[in-house]
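If you scroll down you'll find the structure; I have some questions about it.
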Amino acid sequence: MVSEPSPDDSWLPSLTLPQLLLATYTALTVIALVYAASTSSAAFGAYNSQWDGAGELRTVAADAGANVTVGTNVSQYPTSDADGTVAVVLSPAEPYSSSERARIAEFVRSGGTLVVAEDYRPEGNSLLAAVGADARFDGRPVYDNRNYYRNSSLPEATPAGDYPETAGVDTVVLNYGTTVRAGNATPLVNTSEYAYLDTNGNANLDGAEQLASRPVVTSELVGDGRVIAVSDPSLFVNAMLERGDNRRFVRNIVADHDTVLLDYSHASSIPPVAAAVLAVQRSDALLLFCGVVLVGALLAYDRRLDEPIRDRFREYSGREPDPHLSRDGVEKYLSGRHPDWESAQVKRVTEAVIKQRPDRQRND
């Protein structure tokens, strides 16, 4: 059943209950689709708010005072004035090409800071080698039966000395991570002396496996820049940021940099909506095009608003005022015929009547 319009909404279309339910369902569906297209469920994803995502990493970097950029192409690495930028690579799923590795190496040599977080995939070590770093990820899981968070696969590590990255940090908690073969790099965080590398994969200390303190985070100078190797990308995910002093440690890494570049060029895919927004942000031409389209759409919509107003006027007034009346005459006619209308509504309908006159004259 169609409801009787009130004076305040008489210019709006009336909806039956089925139409209203359909409109509500459509709106909820659109909202759900937009949300799904703007979020990700990929591990380490920058737009994944679940426990294994890295959406909170953007917040940590922004709270440190940096401009956060989600990179989808290696061309976003600056190769000049790079000393104000720290780039973070979380367990890349695909290898970098030779030209891409050269671009990142130039970024480091020019003063940039590169953070590579990896555990078992080979791409992390390939990237370290390409930029000239000496550190390498061991690739075997590290366990600690005495110093751990909930079980031995979440070992607790401690600072190896007084460094800016470990200021205010007492404990760093790993999650099925590995260790770093430091070489000439400086260890920043080490496991306890009760940690061991599980060579045979049975999660037990046996055979030739030995207890020893080993680096899990290292730092080294390369050219004018620096490379930090972190042996567990899980340290940066949402859930693990709340373990130990992980959040403080990550904040220290990105602090004192103007820009934080989160390199997802070879990691999980970016959600479609987020990818579109990033593309527009990087392109002045796309930004201008979207602005022109938006303005055009608003102008077209504004003109179409007159049609419902005129239709409602015809439906509820029964007839239209004399087409030769002046604007004031139309307002007086409407005020007299609809004394319950407010002034704003009278003016709105008057504008609709005046605007339709050229169309009627052409039709005549």
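Any read-out appearing in this document is the output of simple, stated calculations on the displayed coordinates, not a laboratory observation. Keep in mind that what you see is a predicted model, and the values were worked out from it rather than measured.
Could you give the length gained by full extension between A167 and S343, i.e. 0.36 nm per residue of separation minus their alpha carbon distance, to one decimal place?
Difference between extended and current length: 56.8 nm.
Roughly speaking, what is the stretch gain from S75 to T59, that is 0.36 nm per residue apart minus the C-alpha to C-alpha distance, in nm to one decimal?
3.4 nm
Quick one: what do you get for segment 107-171 if you divide its Cα Rg by 2.2 N^0.38 Å?
1.38
Need the C-alpha centroid separation for segment 161-212 versus segment 74-108, integer Å.
Cα centroid to Cα centroid, the span is 26 Å.
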